[in-house]
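Here is the structure we will look at, set down as structure tokens.
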Amino acid sequence: MMEGKNVTKDKARLIASYLLSLSLFALAGSIIYFTYEVAIIGKQVPDILVRIDAATEKIEPILGEVDEIADLVPPILVEVEEIRKMIPPILEEVEQTRKMIPSILREVEQTRNQIPAVLKESAAIRGELPGVLASANKASDAVAAVSAQVEASRPLVTEVLQEVETTRKSIPPMMDRADGLIEKARVAGKEASQGAVTGVFSGIIMAPFALIADVGQGISGISEQEAKEFTKRDFELIEQAALQLLNTGSIDDKSSWSNAESNHYGDIFLTETYDEGEYFEIECRTLVFKLYKEGDLLKESDRSFCKTEDGTWDFDVD
């Protein structure tokens, strides 16, 4: 028994000595490998130092930038804090908006419910469009006809305006003499009646509203045959234009008249005034009449007029 135990111990010692030798061998190998690695690292140390120096040179400006960034951090933090303070009212507004969504959705629903009625009304209006378009076409045709009439009447506008201007200019002298004419109306009516009964034109021009018959023909110096070319309205316009010059005109003044219906027009010139000598204390004036039709001169004549005691104008009929 004892011998068996001794053998076992010897074997254990032998194994332990082998393991120790193996460990020492492994340790030696490790030391050799470490030495080899240290030698290799030693060769790389200069390059590593150079790289470290280069990295240090790069790190320094980075550190400066880091310092600048560090200086910017406090205001950034302040701004972040301000933004953070703004978040609650924003969230509150969002909450209010969220609360409004149901009412908005209800309104949208009501609007959607109204769409069929609107579409129905639109369809009804669309059905009426042909009639409306037909009416519009009729109105367009009417407008075209009116435009044609207006265009046809346009050439007459100038002549009408000239006639209105002539009438307008004759109004002031009429108004100035209104008081005197009222007092002398009875005498003027009597003389006009006598002229109409006898059929002899006395040549007295009364107020524009009481002119005796055919005075326009007489004062313009045209014959009875020549007068057939002119209308009653022509002679009325001639009388108005002549009265304007006789009552308020000055030498070289001109008074024009125009009748769009007959295409007649004319110019009357005041060429002379005199109130002494043979006609002492009598106001007299000479008028030259030029009568035209469509650009052609039909008649040119002159007439002298003198004012009578009753304020009317007297002339001699040829």
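Selection of first residues in the range 265-287 that are of a type in the set (Gly, Ala, Ser) and surrounded by 18 or more Cβ atoms within 10 Å (Cβ to Cβ) and of second residues that are in a strand (DSSP E or B) and modelled with pLDDT of 90 or more, restricted to Cβ pairs under 9 Å at least 6 apart or on distinct chains, gives the following pairs, ordered by first then second residue: Gly266/Ser256; Gly266/Trp257; Gly266/Ser258; Gly266/Phe289; Gly266/Lys290; Gly266/Leu291; Gly266/Tyr292.
Taking the residues in the range 286-318 that are among the β-branched types (Val, Ile, Thr) and more than 57 Å from the chain's Cα centre (by Cα) as candidates, determine which candidate is farthest from Phe235 (Cα to Cα). My answer is Thr308.
None of Pro75, Pro61, Pro88 is more than 58 Å from the chain's Cα centre (by Cα), exposed (fewer than 10 other Cβ atoms within 10 Å of the Cβ) and free of Cβ contacts under 8 Å to residues at least 40 places away in the same chain except Pro61. The set of residues from the range 241-262 being part of a strand (DSSP E or B) and either hydroxyl-bearing (Ser, Thr, Tyr) or modelled with pLDDT under 90 (or both) comprises Ser255, Ser256, Ser258. Being without any contact (Cβ under 8 Å) to a residue 40 or more places away in the chain, surrounded by 10 or more Cβ atoms within 10 Å (Cβ to Cβ), of a type in the set (Asp, Glu) and assigned to a helix (DSSP H, G or I) is a property that Glu82 lacks. The set of residues in the range 112-143 that are modelled with pLDDT of 85 or more and of a type in the set (Val, Ile, Thr) contains only Ile115.
If you filter the range 263-277 down to residues that are at pLDDT below 90 and in a loop (DSSP other than H, G, I, E, B), you find that the one that is farthest from Ile219 (Cα to Cα) is Glu276.
For Arg303, the requirement of being of a type in the set (D, E, K, R), at pLDDT 90 or above and assigned to a strand (DSSP E or B) is not met.
The values are calculated or read from the model by the stated rules, or taken from the named source; none is laboratory data. All values derive from a computational prediction rather than experimental measurement. When we count neighbours, we look across all protein chains shown, and the Cβ atoms used for this are built from the backbone with ideal geometry, even at glycine.
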